[in-house]
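Reviewing the structure listed below.
The values are calculated or read from the model by the stated rules, or taken from the named source; none is laboratory data. If you're wondering where the values come from, they're calculated on a predicted model, not measured in any experiment. Here Cβ is always computed from backbone atoms with ideal geometry, including for glycine, and neighbour counts include all displayed protein chains.
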Amino acid sequence: MATKILIPTPLRPFTDKQEAVEATGATIGELLADLTRKYGGLKAHLYNEQGKLRSFVNVYLNDEDIRYLQKELTPVSAGDTISIIPSVAGGDLII
């Protein structure tokens, strides 16, 4: 089944500037694998050298962080929306 994946602005150059794309799979891991097959430039931004999701990449199934579900084994259903949200780090503002 095809599932909608929302792409954050910094990663859109790798999806032909699309803000949402579709991928196929029964789990989050399968969807992300399909996504990175279709848009190869995304892989280095989503996964580390060991093939694990980078720690600063947050993936949400609808409104729930997959880290609190079954991570990449989290099943998806028709009508679900996946969001990829890169972490934003801050620091001290120096004026």
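Scanning segment 8-26 for residues that are outside any loop (DSSP other than H, G, I, E, B), touching a strand residue (DSSP E or B) at 6+ places or on another chain (Cβ under 8 Å) and either of a type in the set (D, E, K, R) or closer than 16 Å to LEU61 by Cα (or both) yields a total of 5.
Restricting attention to segment 8-44 and to residues that are over 16 Å from PRO86 (Cα atoms) and of a type in the set (Asp, Glu), the residue that is surrounded by the fewest Cβ atoms within 10 Å (Cβ to Cβ) turns out to be ASP16. All conditions in (1) in contact (Cβ under 8 Å) with a residue 60 or more places away in the chain; (2) out of contact with any strand residue (DSSP E or B) (no Cβ under 8 Å at 6 or more places or on another chain); (3) among the hydrophobic types (A, V, I, L, M, F, W, C) hold for ILE5, with the sole exception of (2). Return the residues of segment 51-66 that are over 16 Å from PRO8 (Cβ atoms), modelled with pLDDT under 95 and not in a loop (DSSP other than H, G, I, E, B); say none if nothing qualifies. None; the set is empty. Of all positions in segment 27-39, none carries a residue that is of a type in the set (A, V, I, L, M), at pLDDT 95 or above and not in a helix (DSSP H, G or I). Of the residues making up segment 45-65, just one is among the hydrophobic types (A, V, I, L, M, F, W, C) and exposed (fewer than 13 other Cβ atoms within 10 Å of the Cβ), namely PHE56. In segment 48-68, the residues that are under 13 Å from ILE82 (Cα atoms) form Cβ pairs under 8 Å with partners that are small (Gly, Ala, Ser) and in a loop (DSSP other than H, G, I, E, B), at six or more places apart or across chains, as follows: VAL57/SER87; ASN58/SER87.
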